[in-house]
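Novice: One structure follows; several queries about it will come next.
The values are calculated or read from the model by the stated rules, or taken from the named source; none is laboratory data. Please read these numbers as outputs of a predicted model, since none were measured by experiment. With ideal geometry, Cβ positions are generated from the backbone for all residues, glycine too; neighbour counts draw on all protein chains shown. Heavy atoms of the whole protein, side chains included, go into the accessibility calculation; ligands, DNA and RNA do not. Shrake-Rupley method; radii C 1.70, N 1.55, O 1.52, S 1.80 Å.
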Amino acid sequence: MADVVVGRDKCGEQRLVSLPLSRIRVIMKSSPEVSSINQEALVLTAKATELFVQYLATYSYRHGSGKEKKALTYNDLSNTAEESETFQFLADILPKKILASKYLKMLKEKREDEEEETDASDESDGEEAES
């Protein structure tokens, strides 16, 4: 594992990972269950994160419209999260983009449905009270 070189740091020395370890340490310490972080665990978490992001990007590029445009777009990532069973857990983090007008229309319909359900339950409660 020590033979793998990804990038160079500010001094020009070769690095094992390209993500900033200090940021990863802060994210890991934000969990209340974590009291101390071993340096090896930190490096392995950083490397695993890099590999995951690389796999997600490659998969999204290959299965999206990225090949045609020679670019990876947010839509490619959100489609991957929605359609791929492997990345389904990212669907909430990478939602499909919708227009504000469409969102407002969805909210309005949801409120109307909730009002209808409330009215229907109020009517059934009233009938039960009468009997």
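Novice: Just the number please: accessible area per residue for the stretch 67-109, 1.4 Å probe, all protein chains included, in Å².
Specialist: 83 Å²
Novice: Hey, another quick one. Taking only the alpha-carbon atoms of the stretch 58-110, what semi-axes of the equivalent ellipsoid follow from 5 times the gyration tensor eigenvalues under a square root, in whole Å, largest first?
Specialist: Whole-Å semi-axes of the equivalent ellipsoid: 25, 14, 7.
Novice: Here's a follow-up. Taking θ as phi - 60°, what are the ³J(HN,Hα) couplings along the stretch 33-50 by the Karplus curve (6.51, -1.76, 1.60), each to the nearest whole Hz, with x for Gly and Pro?
Specialist: Each residue of the stretch 33-50 in turn: 6, 9, 9, 9, 10, 5, 4, 5, 5, 4, 5, 5, 5, 4, 5, 4, 5, 4 Hz.
Novice: Please compute the net charge surrounding Glu68, taking Lys and Arg as +1 and Asp and Glu as -1 over other residues with Cβ under 12 Å from its Cβ.
Specialist: +3
Novice: Using amide H atoms built in the peptide plane, which far-off residues or other-chain residues are under 5 Å from Arg15 H to H?
Specialist: Val6, Gly7, Arg8, Asp9
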